[in-house]
1. What are the pairs with Cβ atoms under 6 angstrom where one residue, in segment B:314-335, is crowded, with 16+ Cβ neighbours inside 10 Å and the other, located anywhere, is among the polar types (S, T, N, Q) and outside any strand (DSSP E or B)? Sequence gap at least six, or different chains.
2. Which number in (1) closer than 16 Å to A:T302 by Cα; (2) surrounded by fewer than 20 Cβ atoms within 10 Å (Cβ to Cβ) marks the one condition that A:L113 misses?
3. In segment A:1-65, which helices (runs of 4 or more DSSP H) lie fully inside it and hold 1 or more residues that are more than 12 Å from DNA strand D (Cβ to nearest atom), modelled with pLDDT of 95 or more and touching a helix residue (DSSP H, G or I) at 6+ places or on another chain (Cβ under 8 Å)?
4. Residue check: is A:K15 without any contact (Cβ under 8 Å) to a residue 12 or more places away in the chain and away from every other protein chain (no Cβ under 13 Å)?
5. Out of all the residues in segment B:298-307, is one or more open to solvent by 30 Å² or more (accessible area, probe 1.4 Å), more than 14 Å from chain A (Cβ to nearest Cβ) and farther than 19 Å from B:Q102 by Cβ?
6. Considering only segment A:90-107, state which residues are more than 17 Å from the chain's Cα centre (by Cα) and either at negative phi or surrounded by 24 or more Cβ atoms within 10 Å (Cβ to Cβ) (or both).
7. Would you be able to tell me the number of residues in segment B:24-63 that are open to solvent by 40 Å² or more (accessible area, probe 1.4 Å), within 26 Å of A:Q61 (Cα to Cα) and either within 12 Å of DNA strand C (Cβ to nearest atom) or in the same structural domain as B:V142 (by TED's automatic domain parsing) (or both)?
8. Conditions first: (1) open to solvent by 20 Å² or more (accessible area, probe 1.4 Å); (2) farther than 20 Å from B:S291 by Cβ; (3) in contact with an Asp or Glu (Cβ under 7 Å, 6 or more places away or on another chain). B:K198 passes all but one, so which condition is the exception?
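The values are calculated or read from the model by the stated rules, or taken from the named source; none is laboratory data. What you see is a predicted model; the values in this text were computed from it and never measured. Cβ: placed from backbone, ideal geometry, glycine included. Neighbour counts: every protein chain shown. Note: accessible area is taken over every heavy atom of the protein model, side chains too, but ligands, DNA and RNA are not part of it. Shrake-Rupley method; radii C 1.70, N 1.55, O 1.52, S 1.80 Å.
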2 protein chains.
Amino acid sequence: MSQTASIKDVATHAKVAVGTVSNVLNYPDRVSQRTKERVLNSIAELGFVRNDAARQLRAGQSRTIGLIVLDVGNPFFSSVARAAEDAAAALGSVVLVGDSGQDASREAHYMDLFQEQRVQGLLLSPVGDVAERIRTLRERGVPTVLLDQLADEDHCSSVSVDDEGGGYLAARHLLDIGRRRLAFVGSPTIRQVAHRLKGAQRAVGEVEGADMEVLDSAGQTVLAGRQVGNALVERGPAGRPDAVFCSNDLLALGVMQSLAMLRTIRIPEDVALIGYDDIDFAISAVVPLSSIRQPTEALGRTAIELLNEEQESGGTKHRAVVFTPELVVRESTAGSRS
Amino acid sequence: MSQTASIKDVATHAKVAVGTVSNVLNYPDRVSQRTKERVLNSIAELGFVRNDAARQLRAGQSRTIGLIVLDVGNPFFSSVARAAEDAAAALGSVVLVGDSGQDASREAHYMDLFQEQRVQGLLLSPVGDVAERIRTLRERGVPTVLLDQLADEDHCSSVSVDDEGGGYLAARHLLDIGRRRLAFVGSPTIRQVAHRLKGAQRAVGEVEGADMEVLDSAGQTVLAGRQVGNALVERGPAGRPDAVFCSNDLLALGVMQSLAMLRTIRIPEDVALIGYDDIDFAISAVVPLSSIRQPTEALGRTAIELLNEEQESGGTKHRAVVFTPELVVRESTAGSRS
DNA sequence: CGTACCAACTGAAACGATTCAAAGACATAT
DNA sequence: ATATGTCTTTGAATCGTTTCAGTTGGTACG
């Protein structure tokens, strides 16, 4: 029926030139009160809605920012995404969220997609090695900010949290409450996880007689955690660590589920457990979960800020912001045993 | 520097007409092997990337589907969103997710935005009264499928879960384990919540001597739940209900946190607690949470299917799919007291 | 009265893809 | 040699905006 009215239809209806209609929309001050009213009436009458594709084509750039995360189901990322959306909205932009699911090919797919959309910029929590890709993107006018991963400052901007420091904090805490046989659970192929592991190893190295084994998990989800937990249960009391540090809270909750299933293993008495991210659900776990808190809102907000700086500088100036994580102690690591 | 090469640049570089380049991209069979190779080489050499805005402008429609949810932070919605994304990807479309935060104006904002983008279609979990709006959208060629809310079939397609049935299931279960003083927690201004409440009231009406009070929560989050929980704690044992039905799991987890803080209230002995949605975290709660499970993947997948049907029928045929929820019993409502 | 200036408005030219009628090239049949 | 058909390629027209040089009409000033 009416399908969609174009700016030309509005112009005809209001008996003005198309340029005038465009001005009403974009530079209201350039238009006299009388004509403005006439045009606005016609717009309402015809139900005109701007065609963003046409505007974008002419403008050469969209009002869209691409965001690629490792897992939207992870509250850490959804929290960062929300903060980024809010910050972008304040600047009149929209954030498009893509989920790479820690898969390099899906990541590449979204990068292609965003490039086709000529996004204003890209926020990326990378899986694979993207340095080269980011360079070409910048050459083509798409600034990129690395999210949750430190970047070389003269190469690319980034917002991250000190993962090694966080790892150290977590392990140090487990050692402080008297544990000596630690286990680290995570997928060290993910850079953030590798850093957390490194920090934890440093803490372990500082304490005589302490050691830590590394349990590679298949993914970073509750399910993956449950699998690791089951493996631990099967080992029997003698072979089990007395403290477990999981590289994120989902894993930790999964491990906790498995351990708690066997009523004989007590948390924290037999096994202390600490996670990472401090998601909302950590506090309401079977045993409230100790964790490392990351400033998610600040991450999202700052990422947008840096993107803005990149745009304004034409992609020449880069800045790397690093936030400091914070230890949150709850029951899962309460008290000391010794 | 190179900024972005256009199809025209590629044509010049490969010494062919622009139409040929377009054909290589869209109808490879129409082009001879030799020219195809030449063109593909030029594309690679110039680093050409299709401009989606231009394509869309010409095509009149985008390959984008809009999805507006009440809260992306809620695992229920993020799970539905992910399923929808996967289903859309299989059809070569992308899903754009907007978060209304249960705010009618933000909802309207996203609807405007998506309309400007000329999305293929809209999946909407509505806050306000959108019937009129949906009608105009369809007139303009944007089919809409209601998500998580039943629609009048000769008006609009929808995918939903039988909320009243779910509410009945939950309350009936509380009554079955011997509870008589129920409380319902939620914001009945949200339609889904109102239906769950209605179902619960039906169940209560069937049992002699049972009653249920309604506690209005400010929102549907863990935080809102904690507030309600604190209020319950302050009442003292005599004034407290012996069973609480929360309209979603986030609320239930919040209530649980508050109640568990006071070590004197035992779950389920003193207060039985049941949530709704069966999110992943329900099982790992302090006291594993009973809940009503909704088939989130099926919801997301079916929503995309229905959208497709709408498109193919030109928005004339509508279908309303209703799924049946399922009771999941865990410790928070275990055993009987009487 | 002539000149300058200003605000308001006009309308054609981009933007970069897709589409499609038409032309070209070549082989086969008559 | 001509006609017919198939396969490939061409390039202008189109989509709906924004932009910008240029026109119009009116007011102010000397």
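1. Sorted first by the residue in segment B:314-335, then by its partner, the pairs are B:V321/B:T302; B:P325/B:Q294.
2. That leaves (1) as the condition not met.
3. Working: elements: A:7-14, A:18-26, A:33-46, A:52-59.
Fully inside segment A:1-65 and qualifying: A:7-14, A:33-46.
4. Working: without any contact (Cβ under 8 Å) to a residue 12 or more places away in the chain: no; away from every other protein chain (no Cβ under 13 Å): yes.
Here the answer is no, as A:K15 does not meet what is asked.
5. Within segment B:298-307, the subset open to solvent by 30 Å² or more (accessible area, probe 1.4 Å) is B:301, B:305.
So of that shortlist, the ones also more than 14 Å from chain A (Cβ to nearest Cβ) come out as B:301, B:305.
Then drop every residue that is not farther than 19 Å from B:Q102 by Cβ, which leaves B:301, B:305.
There is at least one residue in segment B:298-307 that is open to solvent by 30 Å² or more (accessible area, probe 1.4 Å), more than 14 Å from chain A (Cβ to nearest Cβ) and farther than 19 Å from B:Q102 by Cβ.
6. At the first step, the residues of segment A:90-107 found to be more than 17 Å from the chain's Cα centre (by Cα) are A:90-93, A:105.
Within segment A:90-107, A:A90, A:L91, A:S93, A:S105 meet the criteria.
7. The number of residues fulfilling the criteria is 12.
8. (2)
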